[in-house]
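Participant: After the C-alpha cells below, expect a handful of questions from me.
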Amino acid sequence: MHMDKHQDVIAACRFCFMCRHLDPVGNVTFQESDTPRGRALILDTIRMKNESLRNRDFIATIYRSALSGANRYHCVSHYDEVGLVLAARKDIVEAGLAPENVKALTETLSRATFTVKGKGTTLYYGDHLELYPGCKIVSGGDPGKALEVLGFGDDSQKVFDRFRSAVVASKCTTLIVAEPSAYDFLKDKFDGIEVVHCSEHLLSGKWKAKPARKAFYLESDFLKNYDGNPAAPRELLARYGYTLTLFGTNNEESYSVGEGAVVFDELNPGLCEKLCRRVYDLAGNLKTALFITPSRYVKATLTKYNPQIRVMTLEEAVAQRKEQ
Amino acid sequence: MIPPNNYLYEMVRSELSWAVGDDHVQTGDADKLGHSIDYYWVPEVWHDRGQKLPPPDFVVYPASAKEVSEILKIANTHKIPVIPWGGGSGSQGGALPIYGGIVMDMKRMNKVLNIDPASMTATAETGINTQHLEWAIEKAGFSTMHFPASIACATLGGFIANRGTGVLSTKYGKIEDMVMTLEVVTPSGEIINTLPVPRHASGPDLTQLFLGSEGTLGVVTKATIKIHPIPESRKFHAFLFKTMHEAMIAGSKIMTSRLRPCVIRLYDEPETAKLIKRVLGIDKKGAYLVFGFDGPAQIVDLELEQACAICREKDHEDLGTEMGQAWWDHRYKFFYPPYMFHLPQAFGTLDTVATFANIEKVYWAMKNVVHENFPQAAFIGHFSHWYEWGCMLYARFIIEAPPKDPHEAVALYNKIWDMAIRAAIKEGGVINEHHGVGLKLGRIMKELYGPAFKVLEDIKKTLDPNNIMNPGKMGFPSKGI
C-alpha cells in the first residue's frame, strides 16, 4: 500500500494532539476524526486490518481533509500528515473504492486540454494576461494537481502530459503561474523551463508609489505551508500601497477555505461553507474589510457563500492599482 | 452499551437529535474511534496491539448549556452514561467511554463571551481550545498566562475538570487559582452558577467543588477566569548543580525567600542527561535548574539578580540567560514526537506534589520502589510548578520493551503505578498534581482520602443518583461490566 511509506507519520501522529488546534476542518466540525490524530488513527487501523479500507465512514473522513499543511508546518518535526492522507487516497482509488462524487469529478478533470495563444518568449498560466505584456498564455483547466490530490495519479499524469506538450510547443523558457496549487504542482516538473510564481515576476516590473490601503492578506496554503513561504506576494502588495494586517487572531491557522485540497468546494460544499463562515465571523464588518488572496479558488469560494465579502486576487489587487 | 441493532438505540438517537440537531449526533466509526482513545497509555497500547476499544454509542456536540441540560435529562431517563470530552488529551483515561453511552464533546461551545478590562477577567465557553482562547485574549492586549504543554489540544473545560496547570503556574497559579466563577449543568440538568467572586465568606466554595471533579459531578459550561497584562519583560536564567539536592535547596530558597518567579524547573541528573541534552543540546552532567521572572523590567532584573545570588551560594555552573531562554523557547518541544516517549515504550508520568520538607523523600521513595521492583524500568524526573511551601514532582518511568501481550503489559503498568504512588503517599505526596485521577488512579482514591472519601461519595450520590456522569472514574462507582 502507498500508506506503508508513511509508517513514521502514522506512528508519530496517531497519539499526538500537538497540532489539532490548526486543522481547518476539525475547527469547524469539531470531530476528533477530522484532526491529524484522528486520521492517523483511522489509517493505523487500516494498516493493522486492511479490510477496514472499505469502511465508507473512514473513506469519507479521508476525503474531508482540507490538506492545508498548517499542521505539518507547525509540527516541530514536520511530520508529513498531508503526504499520508494523499497516499491513503491513492490506496482507496487503486482499490476501486473512490466515492461516487470523487469519481464524477475525476471524469470532468480528466478531460482537460490545453491551448497556447499570443506572442512572446514567456508563457503565462492564469487569468490576467493584461499584466504580462509580451507573454503568451496557456489555458484549458487544471494541469493535473486536482487529480493528484484526489488520488488519481495516472490520470493526473495524463493531463499533465497534455499540459507539458502545450508548454513545450510554445517554445517559451519561462512559465509564469498564478494559481498557487498549480505553481506547487508545476514548479519541479519541467527540465529547461523555469517556473515562477506570478508575484516573483510582477515584482521585477516598474511601479509607481500609491496611497496606503489596508487589507487582510489571506495566506495561501500552498505558498505558505508547501512552498517555503516566499516573501514576494507580500512585498508586491506593499509596493502597490497595500498595508497588510493580521487576519483572525494568529498567523498559524489556515483561512484558505480548502485551497490545499484544490477541489474541496466541489467535493464538500456544506463543509466548505462552514470554513467560509469561520472567515466571515472573524472578519468583523464584511462590507468594509478588504481581503487579498493569491488564489482564485479562495476568492471564488468566499464570494460564493457570501457575495458581500470584498475579495481580490493578488493579480487583481495589482491590476487595480496599475489602473489608478 | 446499547447494541446498534436494538431499536432502543434509535429511540435514544432521536431524542438526542431533538436536543442538538441531526448534524451534531455522530455515530460513525471514524468519530467513535477518535473518542475511544485519549492520551492515556493503556488505550494506546490496546489499539496498538489490535484489541477492541470500548466505543461510545453516540458522540454529541451541544452548543449551549441548555442543550447540555437536555442531553443529561435524556441520559437520566434512559440511565445511560455521559462522558464529557474536551480536547481528549488527558493522560488519565478520564474521558474514555468505558461503558459506552454518550460522549459529550464540548468543542462547539467555543466562544469568548466577554473580556472585562476593568476587572481583568474573561468569560468563555468551556469547549474552547486553550490556544484559541489565549490568541483571542492576546488580540485584546492581555494574556491568560496559562501556557500548558497541552495548550494546542486541551480545552478550558478540560483544565477545569482536571485541575490542570501551565508552565507559568508558579506566579499565575493553577487553573483553580485562575477561575473566578463557573456555570455548571448538574447531572439532573439544572443550570447553576457559582458565586461571582472566588474570595468570600458566604459558605463553602462551590467553584472549588466542581474544579477537579472530572465530569463526575456535572458539566462545566462556562467559566470566568483572570487575565493579565502582557509583561514588559520576561527573563530566564539557568544553572547546573552537581546534585539534584543542591539544586533543590537553591530552588526552595528562591521560593521561601518569597521572590516571585513565574517558573522554576529543576531536572534530576538522569533527565538532564537524557532530555535536556536531546531537546536543548546541553550536554552536561548534573542537575539543570532554570527559572524566570516577568513583569516590570526593573523588578524583573532585581528579582532575577536575587535568585541568581541564591544559586551562587552553592557549588554551581552558571549557564547564563541564553541557556535559560533556550528552555523557554523550546518548552513545548519536549512533548512533540519523536521527543516525547512513545510506543513501543511503556511510560507514565507519576506526578505528585509535597512540601519542601517531604518532596525529596517522595522522589527517592518512588525512585527506589521502581528500581527495586522493576529493574527493566528507567526513572527520571523534574520538579515543576513551585509553591511557597513545596513543589510538584513530574517523575516518569519508562520501559523500553514492555510485554507484547497487552494484558501482561497493562498489568505490569498498573503495578508500577500502584507501588510508586503508594510510596509517594507514604512520604506525604498525593496521587496527582495536575493531570487528574481518571480511570488510571481511581482505585487508589480511597487510600488517599481515608474516611474523607465518603464525603465525596455522598456528594456524588446526591448530585448524580443515577450515576450517569462519567461512571467508573475518580474512584466513584462503575456501571458494572
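Participant: If you take each beta carbon of peptide B:131-137 and count the beta carbons of other chains within 10 angstrom, what is the mean?
Facilitator: Across the residues of B:131-137, the mean count of other-chain Cβ atoms within 10 Å is 4.
Participant: Over the C-alpha atoms of the stretch B:365-473, what are the Rg and the largest Cα-to-Cα span, Dmax, in Å?
Facilitator: Answer for the stretch B:365-473, Rg first and Dmax second: 16.2, 46 Å.
Participant: Only helical DSSP H runs with n ≥ 4 go in: add -39500 (n - 2.57) per run for chain A, normalise by residue count and round the 222 nm mean residue ellipticity to 500 deg cm²/dmol.
Facilitator: -12500 deg cm²/dmol
Participant: Going by how many other beta carbons lie within 10 Å of each one, how would you line up B:THR186, A:THR45, fewest first?
Facilitator: Final ranking by Cβ density, sparse to dense: B:THR186, A:THR45.
Participant: What's the longest uninterrupted piece of chain A once you rule out the chymotrypsin sites (Phe, Trp or Tyr not before Pro) that are loop residues per DSSP with at most 16 other Cβ within 10 Å?
Facilitator: Free of exposed loop sites, the longest segment is A:1-189.
Participant: Across chain B, where is the longest run that never hits trypsin sites (Lys or Arg not before Pro) in a DSSP loop with at most 12 other C-beta atoms within 10 Å? Each step should come with its number before you reach the end.
Facilitator: Working: sites that count: B:LYS52, B:LYS79, B:ARG199, B:ARG258, B:LYS285, B:LYS404.
Of all site-free stretches, the longest is B:80-198.
Participant: Also, quick follow-up: With charges only on Cβ, +1 for K and R and -1 for D and E, what is the dipole size of the stretch B:333-421 about its Cα centre, in debye, rounded to 20?
Facilitator: 140 debye
Participant: Shifting gears a bit: Measure nothing fancy, just the Cα-based angle from helix A:36-48's long axis to the longest principal axis of chain A, in degrees from 0 to 90, nearest 10.
Facilitator: On a 0 to 90 degree scale, this one is about 50.
Participant: Dipole of the stretch B:112-229, Cα-centred, from +1 at each Lys and Arg C-beta and -1 at each Asp and Glu C-beta, to the nearest 20 debye?
Facilitator: In total the dipole reaches around 240 debye.
Participant: Could I ask something else about it? Could you work out how far helix A:81-94 tilts from the main Cα principal axis of chain A, as a 0 to 90 degree angle to the nearest 10?
Facilitator: Tilt of helix A:81-94: around 70 degrees.
Participant: I've got another one for you. Give me, ordered by chain and number, the residues 5 or more places off A:SER220 or on other chains with an amide H under 5 Å from its own placed amide H.
Facilitator: none
Participant: How many angstrom separate the Cα center of the stretch A:144-208 from the Cα center of the stretch B:256-272?
Facilitator: Cα centres, the stretch A:144-208 to the stretch B:256-272: 55 Å.
Participant: Averaged over peptide A:17-24, how many Cβ atoms belonging to another chain are found within 10 Å of each residue's Cβ?
Facilitator: Details: counts 10, 12, 3, 9, 10, 3, 0, 0.
Average per residue, whole number: 6.
Participant: In deg cm²/dmol, rounded to 500, what helix-only [θ] at 222 nm does chain B give when every DSSP H run of at least 4 residues adds -39500 (n - 2.57) and the total is split over its residues?
Facilitator: On the way: 16 runs with 166 residues, N = 481.
That comes out to -10500 deg cm²/dmol.
Participant: Between A:LEU129 and A:ALA212, what length comes free when the chain is fully extended (0.36 nm per residue of separation minus the Cα-Cα distance, one decimal in nm)?
Facilitator: Fully extending the segment from A:LEU129 to A:ALA212 adds 27.3 nm.
Participant: Given bins 20 angstrom wide, list per bin the percent of all Cα-Cα distances in the protein assembly as shown, short to long.
Facilitator: Calculated over all Cα pairs of the protein assembly as shown, the distribution is 15, 45, 32, 8, 0 percent.
Participant: Return A:SER254, A:SER68, B:SER257 ranked ascending by Cβ neighbour count within 10 Å, so the fewest neighbours appear first.
Facilitator: Ascending number of Cβ neighbours within 10 Å: B:SER257, A:SER254, A:SER68.
Participant: Using the reciprocal of the averaged 1/r over all distinct C-alpha pairs, how large is the Kirkwood radius of the stretch A:1-153 in Å?
Facilitator: 17.2 Å
Participant: May I pose another question? With helices defined as uninterrupted DSSP H runs, which ones in chain B have an alpha carbon span along their own long axis of at least 18 Å and mean Kyte-Doolittle hydropathy of at least -0.5?
Facilitator: Going by DSSP H runs, the hits are B:7-20, B:65-78, B:297-312, B:356-373, B:406-426.
Participant: Loop only per DSSP, at most 15 neighbouring Cβ atoms within 10 Å: give me the trypsin sites (Lys or Arg not before Pro) in the stretch A:124-183, ordered by residue number. All intermediate terms of the calculation are to be shown ahead of the outcome.
Facilitator: Numbers: sites: A:LYS136, A:LYS145, A:LYS158, A:ARG162, A:ARG164, A:LYS171; in loops: A:LYS171.
Counting only loop positions with at most 15 other Cβ atoms within 10 Å, the trypsin sites (Lys or Arg not before Pro) in the stretch A:124-183 are A:LYS171.
Participant: What FRET efficiency do you get for B:LYS285 and A:LYS5 if R0 is 51 Å and r is their Cβ-Cβ distance, rounded to the nearest 0.05?
Facilitator: Plugging the Cβ-Cβ distance into 1/(1 + (r/R0)^6) gives 0.80.
Participant: Where in chain B lies the longest segment free of chymotrypsin sites (Phe, Trp or Tyr not before Pro) that are both loop residues by DSSP (not H, G, I, E, B) and have at most 15 other Cβ atoms within 10 Å?
Facilitator: Working: sites that count: B:TYR387, B:TRP389.
Longest run free of exposed loop sites: B:1-386.
Participant: Which GluC sites (Glu not before Pro) does the stretch B:391-454 hold that lie in a coil by DSSP with at most 15 other beta carbons within 10 Å?
Facilitator: Sparse-neighbourhood loop GluC sites (Glu not before Pro): B:GLU400.
Participant: Here's another thing I want to ask about it. Shielding of B:296-302 by partners, i.e. mean partner chain Cβ atoms within 10 Å per residue? Walk me through the numbers before you get to the answer.
Facilitator: Details: counts 0, 0, 0, 0, 0, 0, 0.
Averaged over the peptide's residues, the number is 0.
Participant: Could you list the square roots of 5 times each eigenvalue of the Cα gyration tensor of the stretch A:35-89, that is, the equivalent ellipsoid semi-axes, sorted largest first and rounded to whole Å?
Facilitator: Equivalent-ellipsoid dimensions as semi-axes: 21, 12, 8 Å.
Participant: Can you tell me the 0 to 90 degree angle between the C-alpha axis of helix A:153-170 and the longest principal axis of chain A, rounded to 10?
Facilitator: 20 degrees
Participant: Now, a different point. With labels modelled as points extended 7 Å from the Cα through the Cβ direction, what inter-label distance (nm, one decimal) is found for B:ASN466 paired with A:GLN324?
Facilitator: Taking the two extended label points, one gets 6.3 nm.
Participant: Please list, or write none, the lysines whose alpha carbon is within less than 21 Å of the alpha carbon of B:LYS73, excluding same-chain residues fewer than 8 places away.
Facilitator: List returned: B:LYS107, B:LYS222, B:LYS460, B:LYS461, B:LYS473, B:LYS479.
Taken together, the values in this text are just the output of simple stated rules run on the coordinates, not laboratory data. What you are looking at is a predicted structure, and each value in this text was computed from that prediction instead of being measured. A quick note on method: Cβ atoms are made from the backbone with ideal geometry, for glycine too, and the neighbour counts reach across all protein chains shown.
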